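Report on the following structure.
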Amino acid sequence: MQIFQWFDQRKKELFKKKPQNVALVLSGGATRGAAHIGVLQVLEREGITPTIVAGNSAGSIVGAAYAAGVPADEMSEIFHRLDWGMLARPARWGAGGLFTSRPMEVFIEQKIGQITFEELPRKLAVVACDIVTGERVVLNEGSVARAVRASSAVPGLFKPVEIGDRLLVDGGVVENFPVSLALEMGADYIIGVNVTITDHYGARPSNFIQTLIAANSIRGRMILPEREKINCLIEPDLRAFSAWDFEHSREMEIAGRIAAEKALPQLCSDLGL
């Protein structure tokens, strides 16, 4: 009897329908986005190559680089050289934010080129919020660098970004972990990487800027998607690290690799690898 059960199980495994449209969903999380890179390093090593990418804020930055074909190790070297002075400069009074993130847009263009969504080798979409209407805005056409800048414009900290007739801020206001967006893009299997801390936040904010970033992280925690929509959820342990400095980016990247390694048996089984 047992041998028949074994053959029945093997038949199910052999004829199980493999996912055709694998999506990578990357949450916001400011500098904790370094952990996304650690996850990508493991996926690349194992030959797991999602063709759909959805991201918000820090996830939109890493997602854009991935969709453009930048290797994870190269992303790592770029990220570890970053500081806020390379991504922002003080804005004029009354601009809607303390800083303008125009340097971020320029920096992204330098790394992936002045590329449009239509020119990317992988399908990408990022989330922003219209600060006038409060609507979720999906950005999937035109300049990638400008869209990423809009998706990363933390309200109050960065000046809103104008795209068309929209005035846009960080997508974390409405959808910090854009799993529903990946489903809208046609995904039938979702690898979700969440770098939003769900219990405590590590270092205590010591100034106004850190408080703004922490508040944005809390908002993102409140609107996490239903877990059953995510086929493989990867959540690096980042509780010891802040979301507002780059000092521990290498340790956060390692945390991403550790979490991805733990998810590998499920991924290999689900994807038939």
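The values are calculated or read from the model by the stated rules, or taken from the named source; none is laboratory data. No experiment lies behind these values; they were computed from the predicted model shown. We place every Cβ from the backbone using ideal geometry, glycine too, and count neighbours over all the protein chains shown. When the accessible area is computed, the model is the full protein with side chains, heavy atoms only, and any ligands, DNA or RNA have been set aside. Shrake-Rupley method; radii C 1.70, N 1.55, O 1.52, S 1.80 Å.
Numbers for the structure displayed
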quantity: Under the Karplus curve 6.51 cos²θ - 1.76 cosθ + 1.60, θ = phi - 60°, whole-Hz ³J(HN,Hα) for segment 31-41, x wherever Gly or Pro sits; calculated: 5, 5, x, 4, 5, 4, 5, x, 4, 4, 4
quantity: Candidates per chymotrypsin sites (Phe, Trp or Tyr not before Pro) in segment 65-120, loop by DSSP, up to 10 other Cβ within 10 Å; calculated: TRP93
quantity: Under 5 Å, built H, 5+ apart or other chain: amide partners of LEU167; calculated: ILE131, VAL132
quantity: Apportionment of accessible area to carbon and sulfur, segment 48-149, percent (1.4 Å); calculated: 53 percent
quantity: Per DSSP, loop trypsin sites (Lys or Arg not before Pro) in segment 14-121 with at most 16 further Cβ within 10 Å; calculated: LYS16, LYS17, ARG81, ARG92
quantity: Qualifying GluC sites (Glu not before Pro) for segment 91-172 [loop in DSSP, other Cβ within 10 Å: at most 15]; calculated: GLU135, GLU141
quantity: Gain on full stretching of the segment that runs from ARG92 to ASP245 - 0.36 nm per residue minus C-alpha separation; calculated: 52.7 nm
quantity: Hits among aspartates and glutamates - C-alpha to C-alpha of LYS229 under 16 Å, sequence gap 8 or more where chains match; calculated: GLU175, GLU184, ASP188, ASP270
